[in-house]
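All remarks here apply to the structure that follows.
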Ligand SMILES: CCCCCCCCCC/C=C/CC(=O)SCCNC(=O)CCNC(=O)[C@H](O)C(C)(C)COP(=O)(O)OP(=O)(O)OC[C@H]1O[C@@H](n2cnc3c(N)ncnc32)[C@H](O)[C@@H]1OP(=O)(O)O
């Protein structure tokens, strides 16, 4: 099932950029259920998320639910990408709010277990899925709003930065940022580009080199998030924010979005295979595997 989903994801890459002009078409193993889009409401692709589309507003809410921490594994990434693609294909959908169904965590980022002790082939497949998720969100014709209701390190921060607008719960216990260097790994160029496009070059330079994780208040100050609200108001504020974007004619907004993002997207599209082989050779190095092992041990020790 998961393999079939991944194949479907691969097949749809070439059609992606068409979606800008409004011509869009659009785990954990044993939990998977068949992926059928049921009418316009309340469909889900698997038990790792729910996707509810309100046909009266055109707003879908995608709630990520992959315990314990919504870490982005190969299967989960594939499911997220396919769910977005289904919404893209649905003419009744104009926007999506991405949030977490788990308490205190939006997403812990890429699943470190996908990068530790895996074969080069598997690492390559994983990285393609990371690229695919980023490409789908960054180039989406839909208005995308991240309702960040918990911590969001690394890949979790990246997912939120692919959205058009970010609202975070105002809770000082949560943090957000690209902390890759703290793990001894390097954010690839398109993570870096997304960060630069969000917060500007100088702030990105400091944030990336130091692998900084920001409190919601600090994230607001640097422009990593656009708004802070009490947690209970997060999804309602996100749907209200959507109204401002819906007030703009879709074609004008979509073409503008494309103009802003296309150079960054094209940069990855033209270097996709090289980026995969760079990732595989970097992540499978003994020294990097040792760093990841240590990081995983520390994560586990923290709990003990
Ligand atoms: C030359 C250049 C070429 C290019 C090279 C490219 C290089 C690669 C770049 C890849 C970039 C990576 C981006 C990433 O996303 S890496 C992941 C980064 N994520 C983190 O650092 C987050 C780590 N987790 C936490 O900080 C905390 O878990 C939390 C999210 C704040 C939640 O805290 P908590 O106290 O509520 O939960 P905790 O007890 O810590 O965790 C519960 C269990 O979940 C496991 N876990 C946590 N995070 C991850 C993860 N990201 N992947 C896998 N597993 C994770 C944790 O170990 C616990 O497991 P267990 O119950 O102990 O077994």
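Below is a table of values for the structure above.
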{"read-out": "Criterion: within 8 Å of the ligand (Cβ to nearest atom), farther than 18 Å from residue 64 by Cα and in contact with a helix residue (DSSP H, G or I) (Cβ under 9 Å, 6 or more places away or on another chain) - qualifying residue of 121, 125, 180", "value": "180"}
{"read-out": "Within region 150-173, considering residues that are more than 12 Å from residue 228 (Cβ to Cβ) and away from the ligand (no atom under 13 Å from the Cβ), the one surrounded by the most Cβ atoms within 10 Å (Cβ to Cβ)", "value": "163"}
{"read-out": "Meets criteria (closer than 22 Å to residue 136 by Cα, modelled with pLDDT of 95 or more and in contact with a helix residue (DSSP H, G or I) (Cβ under 6 Å, 6 or more places away or on another chain)) for residue 224", "value": "yes"}
{"read-out": "Selection within region 73-84 - within 12 Å of the ligand (Cβ to nearest atom) and either within 16 Å of residue 143 (Cα to Cα) or out of contact with any helix residue (DSSP H, G or I) (no Cβ under 6 Å at 6 or more places or on another chain) (or both)", "value": "76"}
{"read-out": "Residue within region 255-274 that is closer than 17 Å to residue 187 by Cβ, within 12 Å of the ligand (Cβ to nearest atom) and either more than 22 Å from the chain's Cα centre (by Cα) or surrounded by fewer than 12 Cβ atoms within 10 Å (Cβ to Cβ) (or both) present", "value": "yes"}
{"read-out": "Count of region 277-304 residues which are touching a helix residue (DSSP H, G or I) at 6+ places or on another chain (Cβ under 7 Å) and within 10 Å of the ligand (Cβ to nearest atom)", "value": "8"}
{"read-out": "Meets criteria (surrounded by 19 or more Cβ atoms within 10 Å (Cβ to Cβ), modelled with pLDDT of 95 or more and farther than 28 Å from residue 281 by Cα) for residue 138", "value": "no"}
{"read-out": "Cross-chain or 6+ apart pairs with Cβ under 6 Å, region 277-304 first and farther than 16 Å from residue 123 by Cα and modelled with pLDDT under 95, then more than 8 Å from the ligand (Cβ to nearest atom) and not in a helix (DSSP H, G or I)", "value": "291/184"}
{"read-out": "Residues satisfying the stated conditions in region 230-242, i.e. within 23 Å of residue 57 (Cα to Cα) and part of a loop (DSSP other than H, G, I, E, B)", "value": "none"}
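Matching residues to (1) within 14 Å of the chain's Cα centre (by Cα); (2) under 20 Å from residue 143 (Cβ atoms); (3) modelled with pLDDT of 50 or more:
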residue	(1), (2), (3)
2	no, no, no
14	no, no, no
35	no, no, no
43	no, yes, yes
63	yes, yes, yes
71	yes, no, yes
97	yes, yes, yes
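The values are calculated or read from the model by the stated rules, or taken from the named source; none is laboratory data. As the structure is a computational prediction, the values presented were derived from the model and not from experiment. Positions of Cβ are generated from backbone atoms using ideal geometry, with glycine treated the same way; all protein chains shown enter the neighbour counts.
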